[in-house]
Amino acid sequence: MEDTDRDLLPEGLEDRLPHGAAVAARVTRSAVDVMESHGYDRVQPPSIEFEKSLASRMEGVRPRRMFRFVDPVSLRTLALRSDMTPQVGRIAATSLAVAARPLRLCYAGQVVTIKGDGLDPAREHLQLGAELIGSDSVAAAAEIVAMAIEALKAAGAQGVSVDFTLPDLVDTLAEKALPLAPGAIEAVRRELDAKDAGGLVEAGGDAYLPLLYAIGPFETAIERLAAIDAGGALASRIKGLREIAGRVSGLARVTLDPSERHGFEYQSWFGFTIYAEGVPGALGRGGTYRILTKDAGQDEAAIGFSLYPDPLIDALAAAEPRRDTLFLPLGHDPEVAARLRAIGWRTVAALSDADDAKALGCTHRLDQGEAAAL
């Protein structure tokens, strides 16, 4: 029987063709250059690790999202990474455990999940990011948010906006200010995340209803959050949010949704989501978290962000004209060609008389030592 599907790719995976691949390389380089300019050293972890290492470094990491298989050498379960953040946490807790803190690291690479999220069927994504390890202070958070905005703008994003959240908000309030039965905490979190007032009341979270209205442009929403009588339980967080917003004022539009939980499975007191005009969905997330160290029961504060720029790359590639390319006929002067490449020309050299400049995507032809438009 004829094999008719040997060239098909699995669902959710696709090739990035030349123009898109060039844009992807430029986006990656631009974003990483910003991170390195702020003192973040790049690391490059392997794409496959022991499942236990990937799943146990941080709370909230979901092994079920990972492709897993048995290593024929060690006979232990391996996993293909679905998120590079835990890998950076492992590096910080092991190979760089004695490095001075705060430790600044950045990364870029592909990640893969078993299935896509929601309406997005893609299972492979480019992930770019940075982690500041050893501090989750307001100053550290402000640095990370500002750098995420700068990196995204350098990559080509326009109209950047940032949405702040407090991932541990329900736990903080339930502890004393707005107590909840232990069994109700998860339900209240879920209904707040769904913005369902009726469901929130049914879950026993009547006192949490004002949080549904502390949403929107930052200056308005933070005042509504501050008006909630929580016995001072939120005072330090509100103060921190104001300071972070002040740091990025003018760099991006800032909004607040204090009870947002989706995508913040392992963040602690602060989280943020970043968007750009003309690009569907979120382009990245970040926030504070804890890294489990080599010492049992110990952990280390950290904050970072991850950008997933594939939608931005697609938008830029669709809007960007093809780069000018110079056709070099047979017998051309190689020194002239080298000079033109040195000033920015992209060249394609003829290999035979049959080569057609236009068919090869060229926009110009080398004629008597000069570039002539086709």
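Which pairs do you get when a residue that is closer than 21 Å to Gly271 by Cβ and assigned by TED's automatic domain parsing to the domain that holds Arg42, found in segment 303-323, comes within reach of a residue that is modelled with pLDDT under 95 and surrounded by fewer than 16 Cβ atoms within 10 Å (Cβ to Cβ), reach meaning Cβ atoms under 7 angstrom, with the pair 6+ apart or on two chains? Short answer, once both residue conditions are applied: Pro311/Pro280; Pro311/Gly281.
Inspect segment 111-133 for any residue being outside the structural domain of Thr255 (by TED's automatic domain parsing), without any contact (Cβ under 8 Å) to a residue 24 or more places away in the chain and within 16 Å of the chain's Cα centre (by Cα) and give the result as yes or no. Scanning segment 111-133, I find at least one residue that is outside the structural domain of Thr255 (by TED's automatic domain parsing), without any contact (Cβ under 8 Å) to a residue 24 or more places away in the chain and within 16 Å of the chain's Cα centre (by Cα), so the answer is yes.
If only residues of segment 250-268 that are touching a Phe, Trp or Tyr at 6+ places or on another chain (Cβ under 7 Å) and part of a loop (DSSP other than H, G, I, E, B) are counted, the one that is modelled with the lowest pLDDT is Tyr266.
When Asp333 is tested against (1) within 22 Å of Pro18 (Cα to Cα); (2) touching a residue at least 24 places away in the same chain (Cβ under 8 Å); (3) charged (D, E, K, R); (4) loosely packed, with under 15 Cβ neighbours inside 10 Å, exactly one condition is not met: (1).
Annotation note: of Gly231, Gly216, the sole residue that is within 16 Å of Thr273 (Cβ to Cβ) and either surrounded by fewer than 21 Cβ atoms within 10 Å (Cβ to Cβ) or in the same structural domain as Phe305 (by TED's automatic domain parsing) (or both) is Gly216. Within segment 180-211, the set of residues being surrounded by 17 or more Cβ atoms within 10 Å (Cβ to Cβ), outside any helix (DSSP H, G or I) and without any contact (Cβ under 8 Å) to a residue 24 or more places away in the chain comprises just one member, Ala203.
When Ala140, Ala99 are checked against the criterion of being at pLDDT 95 or above, among the small types (Gly, Ala, Ser), within 14 Å of Gly286 (Cα to Cα) and assigned by TED's automatic domain parsing to the domain that holds Arg16, Ala140 stands alone in meeting it. Could you grab me the full set of residues in segment 245-270 that are over 15 Å from Pro217 (Cβ atoms) and of a type in the set (Gly, Ala, Ser)? Within segment 245-270, Ser259, Gly263, Ser268 qualify.
The listed residues are Arg62, Arg76, and the only one of them that is under 19 Å from the mean Cα position of the chain (by Cα), assigned by TED's automatic domain parsing to the domain that holds Ile149 and within 23 Å of Leu292 (Cα to Cα) turns out to be Arg62. Taking the criterion of being among the charged types (D, E, K, R), in a strand (DSSP E or B) and under 28 Å from Gly12 (Cα atoms), the residues of segment 75-130 that qualify are Asp117, Asp120, Glu124. For segment 234-249, indicate whether the set of residues that are farther than 24 Å from Gln158 by Cβ and part of a loop (DSSP other than H, G, I, E, B) is non-empty. For segment 234-249, residues farther than 24 Å from Gln158 by Cβ and part of a loop (DSSP other than H, G, I, E, B): present. Kindly provide the set of residues from segment 344-374 that are part of a loop (DSSP other than H, G, I, E, B) and surrounded by 14 or more Cβ atoms within 10 Å (Cβ to Cβ), ordered by number. Within segment 344-374, Trp345, Ala350, Asp355, Ala357, Gly361, Cys362, Thr363 qualify. Of the strands (runs of 3 or more DSSP E) lying entirely inside segment 269-311, none contains at least 2 residues that are among the aromatic types (Phe, Trp, Tyr) and touching a Cys at 6+ places or on another chain (Cβ under 6 Å).
The values are calculated or read from the model by the stated rules, or taken from the named source; none is laboratory data. Note that the coordinates shown come from a computational prediction; the quantities given were computed from them, not determined experimentally. No Cβ is skipped: glycine too gets one built from the backbone with ideal geometry, and neighbour counts run over all protein chains shown.
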